[in-house]
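Visitor: Pasting in a structure now, in structure tokens, and then I'll have a few things to ask.
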Amino acid sequence: MTAELEIAVRLGAATLVGAAIGLNRDLHGKPTGVRTLGLVGLGSALVVLASTDFLAVLPSVDANPVSRAIQGVLTGIGFLGAGVIVREGSGTKVQGFTTAALIWLTAGMGIVCGLGAWIPAAVAFCLVFFLILGGGSLERHLHRIADRDHGETG
């Protein structure tokens, strides 16, 4: 694969993964969506590729600039994710943690795509969709069981 094609595949994969995660958030009426998380994935991959002068396909690439780029992306994304976490009134109910976590995860997915680490990207992609599609149902089911058990003993 030519270097140009490899760069296009990495950037495209990061964008598609981010957009797919964003679709779930959008369908659930959350403050991020396809465009936002697609951009987070693309931006993360682009930063990683830029830190290696777009030559990440070569094994002789120095890991130090890549490491610094990854640290910068994850720190910056942490601030973006914090912006979607809200506290309702003066109560203790806090919302937006899943969306914030998905923003951070999308940045990580972009980084992995930028590095061309396809196996971890594929495994993480499958796991994240298992969690966001089935995790809520599993949580509700476990809460029902816990409430029932608590009611019987309490």
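Visitor: Looking at segment 109-124, I want the residues that are over 12 Å from GLY43 (Cβ atoms) and have a partner that is buried (at least 23 other Cβ atoms within 10 Å of the Cβ) and of a type in the set (Asp, Glu) with Cβ atoms under 6 Å, at least 6 apart or on another chain. Which pairs are those?
Guide: Within 6 Å, no pair qualifies.
Visitor: Moving on. Quick check on segment 21-50: of everything there that is over 20 Å from VAL73 (Cα atoms) and without any contact (Cβ under 8 Å) to a residue 40 or more places away in the chain, which residue is surrounded by the most Cβ atoms within 10 Å (Cβ to Cβ)?
Guide: This residue is ASP26.
Visitor: Filter segment 127-142 down to the residues that are exposed (fewer than 12 other Cβ atoms within 10 Å of the Cβ), under 20 Å from THR99 (Cβ atoms) and of a type outside the set (A, V, I, L, M) and list them by number.
Guide: Answer for segment 127-142, where residues must be exposed (fewer than 12 other Cβ atoms within 10 Å of the Cβ), under 20 Å from THR99 (Cβ atoms) and of a type outside the set (A, V, I, L, M): PHE130, GLY134, SER137, GLU139, ARG140.
Rule-based calculations on the coordinates, nothing more; no lab input. This is a predicted model, so every value here is computed, not measured. Neighbour counts are summed over all protein chains in view; Cβ atoms, including those assigned to glycine, are modelled from backbone coordinates with ideal geometry.
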